[in-house]
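Take a look at the structure below.
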Amino acid sequence: MKKHLFILSLLLAAATQTGAEENQPHAAGIESDGYVWNAMYAEKLQALSARGDALRGEIAFEICQGCHRATALGRPDGSYPRLAGQHATVLIKQMTDVRAGRRDNKKMFPFIDKHAVTPQEIADIAVYLQALPVPPDNGKGDGNNLARGEEIYARDCIVCHGNKGQGDSARFYPRVSGQHYKYLLRESILIRNGDRRNANPDMVSTIKPYDDKDLQAVADYMSRFAP
Amino acid sequence: MSGCDFWGTNVKRHQITRACLFIGALFGATPGWSADAGELAGSICMACHGEGGNSVVPNFPKLSGQHATYLEKQLNEFLSGKRRNDVMAPILDSFSKQDVPALAAWYAAQKPTPGTVGDPGLLAAGKAIYEDGNVETGVPGCMGCHQPRAQGNARYPRLAGQHQAYTLQQMNDFKSGVRDNDKGKVMRAVAERMTEQEMQAVAEYMASLQ
């Protein structure tokens, strides 16, 4: 009986939730059977095949600037990542995955929701951001364990993310150079723990053996690539 | 009606019109607005929105220097019922959709007076919210859209120098959903994440900007 009351109160709470903020939808991700990484669906394809326009993108990006900053350099505390210089393909994948609810991000959702931006604007924003300059003043780690970071990077990361952390646009692998240390670390931990639900399963199995200290070392190493 | 009692001063309508036309002339010939718009503003809108759109009543917004695109959108949405306000409701018979572009352009061309700061103790907190937002609760910095000095642009309204009471009321209306004509539901999402203290502080800070 108690349990029923509890469930009832939860349902009531959900039903009476007021205000305009809409909940992010939930799409099946890496936790579900038959998950296909970077599966294509209408909206993602639409954005990827649209011809992006950087000038329109600069305007559409205005609603993102309150968090990611006017030049898309994010914040060194890692709360918001740098987007400047990231591959357009990667940006489109992440934006559409948040929108579809495959990458959980309640904070960002209202600003990338269909009310706020169109698939064409997603493409526009992506080409605008891709061409922005990336200064080397991103947040770094403490620099105490860089040899270990280099060792891990050379063994497991370099194959996909490149010898300069440049990533691979065609394969949707993100650029990691110039990114804030704290953001790299946070996302690495989320991916390892299976909590970044749109992650690449190969990335998850690769990162699995590493403890937090290792991830700190490699995030620090990556944050020091010349952008 | 030959005049009205305006905060103790009896002002004749033609004097107001003349004053407005004079102010308009100071700024040169601005395309898009006509003497008719100035007359409409001076006869109808001025009672609440003040001379040249510089309202002196904190509940009524200043319209001077506001972007014409924003003013047009708001006026059209008052007319269509998308934006609702009890004070504006009886005024809506006084102008039509055809008057909107000229009226908006006229107010956009007026020079705004500096805002009034009620509580300077809130300015530092207000500046922090305005520029950085609140990372914990996901409030974006206002300046992302409203620009570094709250000057706005063709897509987002100017908030600099606006009455604190008016800005605060609008944020609360977005938060409760009473006002729901925001582009992309963005302001409702932002206001919903803000505390009353944050809204008070940021409204005070915006009032301090010119």
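So here's what we get for this one:
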| quantity | calculated |
| --- | --- |
| Principal axes of region B:54-117: Cα extent on each, largest first, Å | 34, 24, 17 |
| Radius of gyration, Dmax [chain A; alpha carbons; angstrom] | 18.7, 61 |
| Solvent accessible area, Å² - A:D156, 1.4 Å probe, full protein context | 60 Å² |
| Value at 222 nm in deg cm²/dmol, rounded to 500, when DSSP H runs of n ≥ 4 in chain A each add -39,500 (n - 2.57) | -12500 deg cm²/dmol |
| Per residue accessible area of region A:157-219, 1.4 Å probe, in Å² | 46 Å² |
| Number of partner chain Cβ atoms within 10 Å, mean per residue of B:175-183 | 2 |
| Rh by Kirkwood over Cα pairs, then Stokes-Einstein D for region A:96-227 at 1.002 mPa s and 20 °C, µm²/s | 135 µm²/s |
| Exercise: per-residue mean of other protein chain Cβ atoms within 10 Å, B:137-145 | 6 |
| Residues whose placed amide H lies under 5 Å from that of A:G29, excluding near-sequence neighbours | none |
| Estimated buried accessible area (total), pair B and A, 1.4 Å, Å² to nearest 100 | 1800 Å² |
| Shielding by other protein chains, A:103-112, mean Cβ within 10 Å | 3 |
| Sequence of A:V176, B:V178 from largest to smallest accessible area, 1.4 Å probe | B:V178, A:V176 |
| Out-of-range pairs (alpha-carbon distance over 29 Å; input A:K164/B:K183; A:K44/B:K82; B:K127/B:K183) | A:K164/B:K183; A:K44/B:K82 |
| For peptides B:123-136, B:56-69, sequence by mean Cβ density within 10 Å, most packed first | B:56-69, B:123-136 |
| Percent accessible area from carbon and sulfur atoms, the protein assembly as shown, protein chains only, probe 1.4 Å | 58 percent |
| 1.4 Å probe accessible area per residue over region B:73-210, in Å² | 44 Å² |
| Cα coordinate range in region A:42-130, projected on the principal axes (Å, largest first) | 35, 27, 21 |
| Hydrodynamic radius (Kirkwood) for region B:121-161, which is based on Cα pairs only, to one decimal in Å | 10.5 Å |
| Rg to Rh quotient for region A:146-223, alpha carbon positions, Kirkwood Rh | 0.92 |
| Protection-proxy order for peptides A:57-63, A:83-89, each taking the mean of Cβ atoms within 10 Å per residue, highest first | A:83-89, A:57-63 |
| Whole-Å semi-axes of the ellipsoid equivalent to the protein assembly as shown (Cα gyration tensor, √5λ, descending) | 49, 24, 20 |
| Region B:120-208 - Debye-derived log10 I(q)/I(0), Cα point model, q = 0.20, 0.21, 0.22 Å⁻¹ | -0.89, -1.00, -1.11 |
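The values are calculated or read from the model by the stated rules, or taken from the named source; none is laboratory data. Bear in mind the structure is a predicted one, so any value in this text is a computation, not a measurement. Here the Cβ is made from the backbone with ideal geometry for all residues, glycine too, and neighbour counts use every protein chain on show. For the accessible areas, the whole protein counts, side chains as well, though only heavy atoms, and no ligand, DNA or RNA atoms are used. Shrake-Rupley method; radii C 1.70, N 1.55, O 1.52, S 1.80 Å.
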